[in-house]
Amino acid sequence: MRRDDWWADTSVDAHAGKQEAGGTLAGRGRPRRRATAGAALAAMLLGFFLAGLLDATALRRDAESLPIGARRTALLWLVRPMTALSGAVGLDEPAVALDRALGRDEDGHHTRRDLAVDDLRPIWPREVTARKPLRLYIAGDSMAGQFGGPLAATAEKTGRIRTRVDYHVNSGLSRPDYFDWPQRLIDEVFDSRAEALVFLVGGNDAQRVEWDGRVLEVGSKAWLDVYHLRVAETMEVATAGGRRLYWVGQPIMRDRAYGERMAMLNEVYEQEAARHEGVTYVDTWDLMAGKDGEYAAYLRGPDGDLARMRQADGVHLTRAGGDRIAARVLEVIRHDWDMDGGSP
Amino acid sequence: MLFPTVTFAVFFLVVYVANWLTMPRPRLWRWTILAASLLFYGWWDWRFVLLLVAAALGNQFFAARLAAVRGDSGARRRPAAARAWLAVAVVANLAVLGLFKYYDFFAASLDDLLSAFGLSPSFPLLDLALPVGISFLTFRMLTYVIDVARGGLDPVPLLDFAVYVAFFPYLLAGPIARAAEFLPQLRGPRDPRRVDAARAFRLILGGLAKKVLIADYLATHLVNGLFTTPEQYSSWETLIGIYAYAVQIYCDFSGYTDIALGVALLLGFELPENFAGPYTARSVREFWRRWHITLSTWLRDYLYIPLGGNRGGRRKTTRNLMVTMLLGGLWHGAAWTYVLWGGLHGAALVVEHGAKDYRRRMGLPDPGATAWARTRQRLVTFNFVALAWVVFRADSVGDAVAVLTRLVTGLGSLGDTVTPLLLALVAFGIGVQFVSRRLWERFDARLSRAGWVAQGLCLAAALFLIDYLGPQGVAEFIYFGF
């Protein structure tokens, strides 16, 4: 044993740590048989092909959820025949059987009609107390996850707000075929009996959409019309039954072109919020900008210390960034529910 | 390009065929591997490829200079010119790493410190995109120039060195293969009739299962929530959550390594092992022999021993241990939490060294003499490691304290977050580390004799189940951030 071997310890037991050279059984039992490169390739091709057939439905769903473009078209061109072949030879059956066994085939969706029931009335305004806390549902894409956690933490600390955070990475409103937020809100708001919602999406929405068999380019008038419709539908669902909705806008972005698209979406949110009763638009653009109004990865926190607000991609939030947006949103909620005047 | 994706599967099939077809022509073969590796890395951001190229050219230049001036390898002291060139090479590599990874961290920390004294400095913050795997890349290149300077390695042709720098299976998150153990594998073509396919398939499928079925599940169902809003979790949930993170990071990182080892094996390369049942360790010293082995041995050989190692008495040993572990912590990321995590492990190593010396002086018996004593040692070590992971995982020291505080203040029941499935996955993630290596090798041997059709069927069934049972989408590997 070398004296410098700072963790060397001769008492390693017979468990996994014993290093055996060469990766063979070194005299114990029969050694591994090596394969030819061709046999290994054949095994891989067979494995990938059969796995593709067994999982063809999921592969097709994944391919369809890709942004509309050449990559999606190419993948669908590959996957569609596999789906057909899988169905023809019955290799989609194991997935169907598993769905059934695990209860994944059950359709437990609620409808908008369920949200209209008035057993929660009056939802707003009402006095929020520790005995009768506000039920807040925080939802959206990955950004919502980054500020939703801090918002839930600070809101819960008031003792008068109960939260549920529900975020789905890569989701948005452009592609309901990938993730259907209005339906998700109907289900979750009903099940969680939420009285108020905080919602943030948009980061994944600046992509082409299909509408009436046509592909619409981002930012075109037709695209904006469709996006307005989807935002409006989401707001109507969220505010059904008199619930309050706090729609959080996108913060400033490092990439200028991407930031311009986000600013365009923010305009849509702001306009639709003004048209819908019970919706408050919470602007975060300037909140996350530097003194000069430009993008800044670092900003001073409440304690005056410089803190990194954005992740390395110039889009997503760090914990400090999440805290910053959460504080703004909570301030709006407290004001809206008049929580600053009364005692808990 | 992430390993657990269809894109990588297609990429790998093409590279696999090209690798074995071009292998009889060594120069073309090296170019093929290099091109594939650059494509793999450029998939993230093509600008990163320029960094790889610059790093390869720069270090090859340093190696050539060092070889020219290093003198006799048996000499006690290297010539001054060799020492100077080595210093330049090390500083240049660390400067690139520091610029991309640490500059903003230290500038912001200095700003905070000076602000506390009423000064208002204004350091420019660069906010540079962090090239994936840059810490691993830096350590790989340092092994090359240092080994050349020490005389243990001669410079190799630039193409060979570029393949070593960019080899895609370990490019993003290790293992940190040393130049001396990788470069000889580029010399001769392998026998295409002797591919270690069965072991490779088992490693790849096991790695995928660890990552997709265990690590990602634990992260989304308990760990992420606990570290974001610890106030919402009871003491029991917090404890399970801390254990779950210990399992998550093991399955995430060792899962990546397993896939990297398997992919390399299929191409005919043997990479060093990185894990050997770390949670079976009976001491923190032993833990570091079993966890991220290529990093811990790197730190030992290129930092701890050059600092003086154990030579020079207890005080110097303590200093060397602490410096090594603090820097080892900082290597993981630009945050004080990583430094503190390294410090905790360093302190534990110092205590263990002291206790061992004390036992030896007093003639006390081995504390692990009985089975129960060994179990107790394992429990103590695992709990120390798991609690230290809290500091590693938390966004700030304050957040770590908030999680640890819940262990004693969050009285209450388990709630519905901790499901039987989650508990089973935590138990499995720990228990699987006690499975004897011999058992895995028996499994490999049996699979190797099953023939390609049976192997293909196993692959199909396992890939289907992993994709079906796993969550939609794949989270990045934790160690990509380092």
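Helix-derived [θ] at 222 nm for chain B: sum -39500 (n - 2.57) over DSSP H runs of at least 4, divide by residue count, nearest 500? Computed ellipticity for chain B at 222 nm equals -21000 deg cm²/dmol. Computed from backbone phi with θ = phi - 60° and the Karplus coefficients 6.51, -1.76 and 1.60, the 3J(HN,Hα) list for the range A:162-173 is 10, 10, 9, 9, 9, 10, 10, 4, 6, 8, x, 10 Hz; x is used for glycine and proline.
Can you give the extra length, in nm with one decimal, that the chain gains between residue A:270 and residue A:100 once fully stretched, where that is 0.36 nm per residue apart less the Cα-Cα distance? Before the final figure, lay out the partial values.
On the way: separation 170, 0.36 × 170 = 61.20 nm, distance 4.33 nm.
Stretched fully, the residue A:270-residue A:100 segment lengthens by 56.9 nm.
Taking a straight Cα-Cα cut-off under 27 Å and skipping sequence neighbours fewer than 8 places away in the same chain, the lysines within cross-link reach of residue A:132 are A:157.
Express in nm, to one decimal, how much length is gained between residue A:255 and residue A:277 on full extension, taking 0.36 nm for each residue of separation and deducting their alpha carbon distance. Please list the in-between numbers first.
On the way: separation 22, 0.36 × 22 = 7.92 nm, distance 3.38 nm.
Value of the extension gain: 4.5 nm.
Taking each pair of distinct Cα atoms in chain B once, what is the resulting Kirkwood hydrodynamic radius in Å? Please report the intermediate quantities before stating the final value.
Numbers: mean 1/r = 0.0410 Å⁻¹.
Taking the inverse mean of 1/r over all distinct Cα pairs, chain B comes out at 24.4 Å.
Once you keep just the Cα pairs under 8 angstrom separated by 6 or more residues, what percentage relative contact order results for chain B? Provide the component values of the computation, followed by the final result.
Details: 577 pairs, mean separation 90.5, N = 482.
Dividing the mean separation by the residue count of chain B yields 19 percent.
For the pair residue B:187 and residue B:316, a Förster radius of 45 Å applied to the C-beta separation gives a FRET efficiency near 0.65, rounded to the nearest 0.05.
The largest-to-smallest principal axis extents of the Cα set in the range A:274-313 are 39, 24, 20 Å. Here the Debye sum runs over all C-alpha atoms of the protein assembly as shown as equal scatterers in vacuum, and log10 of I(q)/I(0) at q = 0.09 Å⁻¹ comes out as -1.01. Residue ranges B:230-238, A:331-339 sort as B:230-238, A:331-339 when ordered by packing (mean number of other C-beta atoms within 10 Å per residue, highest first).
According to the Kirkwood relation over distinct C-alpha pairs, the hydrodynamic radius of the range B:366-482 is 19.0 Å.
Please compute the contact order of the range B:1-130 in relative form: average sequence separation of alpha-carbon pairs under 8 Å and at least six residues apart, divided by the residue count, as a percent.
Values: 62 pairs, mean separation 16.2, N = 130.
So the answer I get is 12 percent.
Taking 0.36 nm per residue of separation and subtracting the current Cα-Cα distance, fully stretching the chain between residue B:453 and residue B:119 would add 113.1 nm.
Here is the P(r) of the range A:35-101: all C-alpha pair distances, binned every 10 Å from 0, give 21, 39, 30, 9, 0 in whole percents. Distant-in-sequence amide contacts of residue A:246, defined by a placed amide H-H separation under 5 Å and a gap of 5 or more residues or a different chain, comprise A:197, A:198, A:199, A:280.
Relative contact order for the range B:197-481: what percent, with Cα pairs under 8 Å and sequence separation of 6 or more?
Values: 331 pairs, mean separation 89.7, N = 285.
The value is 31 percent.
Label-to-label distance, residue A:211 versus residue B:417, with points set 7 angstrom from Cα along the beta-carbon direction: 4.1 nm. Measuring r between the beta carbons of residue B:6 and residue A:193 and using R0 = 45 Å, the FRET efficiency lands at 0.65. With Cα atoms as the point set, the radius of gyration and Dmax of the range B:197-481 evaluate to 20.3, 62 Å.
With a Förster radius of 22 Å, plug the Cβ-Cβ distance of residue B:14 and residue A:88 into 1/(1 + (r/R0)^6) and report the FRET value to the nearest 0.05.
Working: r = 28 Å, r/R0 = 1.29.
It comes out at approximately 0.20.
Any read-out appearing in this document is the output of simple, stated calculations on the displayed coordinates, not a laboratory observation. Note that the coordinates shown come from a computational prediction; the quantities given were computed from them, not determined experimentally. A quick note on method: Cβ atoms are made from the backbone with ideal geometry, for glycine too, and the neighbour counts reach across all protein chains shown.
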